Amino acid sequence: MKMIRTFVTSCLIMTFAGCASSDVMSPGNALYPLTPGGDQYFAVDWQPGERKGSPVLTGTMTNRYGATAVRVQLLVEALDDNGNVTGQKVVWLGDDIAPFDRTSFEIPVVKSPKYRVRPFAFDWKGRAGP
């Protein structure tokens, strides 16, 4: 019984350690949007900035579809000068986005020469979706 408990504890520690380093990407663990084609339903406008001396991305996400988007997540990627991904993280927006409406966001990021922000995952409220 003690061996099983030790194994489970070790697995939990490794899982939480992986979650804590979500800003860092390692080879083979690249994230990709869960719903391919999300760009056709949403427009993401953002710009890099600073808050209290730390880099942030501020912007809006606009729902261009005729149903309310819920459980919306963004994939934020740090890129080097050549456009290679150096870090990734998934961010929950927290707001439902009504049809043809938008929500604002401010996301803390690691310092990087370039960034990419795109829809990662979402669901449609009250519809099966497109």
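Taking the options R127, R64, name whichever one is modelled with pLDDT under 95 and over 11 Å from the mean Cα position of the chain (by Cα).
The match here is R127.
If you check S104, S112, which single one turns out to be within 20 Å of Y32 (Cα to Cα), touching a Ser or Thr at 6+ places or on another chain (Cβ under 7 Å) and either free of Cβ contacts under 8 Å to residues at least 60 places away in the same chain or among the charged types (D, E, K, R) (or both)?
Among S104, S112, only S112 is within 20 Å of Y32 (Cα to Cα), touching a Ser or Thr at 6+ places or on another chain (Cβ under 7 Å) and either free of Cβ contacts under 8 Å to residues at least 60 places away in the same chain or among the charged types (D, E, K, R) (or both).
I'd like to check something: does the stretch 99-107 contain any residue that is over 19 Å from F42 (Cβ atoms), part of a loop (DSSP other than H, G, I, E, B) and more than 14 Å from the chain's Cα centre (by Cα)?
No, the stretch 99-107 contains no residue that is over 19 Å from F42 (Cβ atoms), part of a loop (DSSP other than H, G, I, E, B) and more than 14 Å from the chain's Cα centre (by Cα).
Residues in the stretch 98-110: is at least one loosely packed, with under 12 Cβ neighbours inside 10 Å and among the aromatic types (F, W, Y)?
yes
Listed residues G37, G49, G94; which is over 15 Å from the mean Cα position of the chain (by Cα) and at positive phi?
Details: G49 fails: at positive phi; G94 fails: over 15 Å from the mean Cα position of the chain (by Cα).
Just one listed residue meets the conditions, G37.
The values are calculated or read from the model by the stated rules, or taken from the named source; none is laboratory data. Worth saying up front: this structure is predicted, and the values here are computed from it rather than measured. A quick note on method: Cβ atoms are made from the backbone with ideal geometry, for glycine too, and the neighbour counts reach across all protein chains shown.
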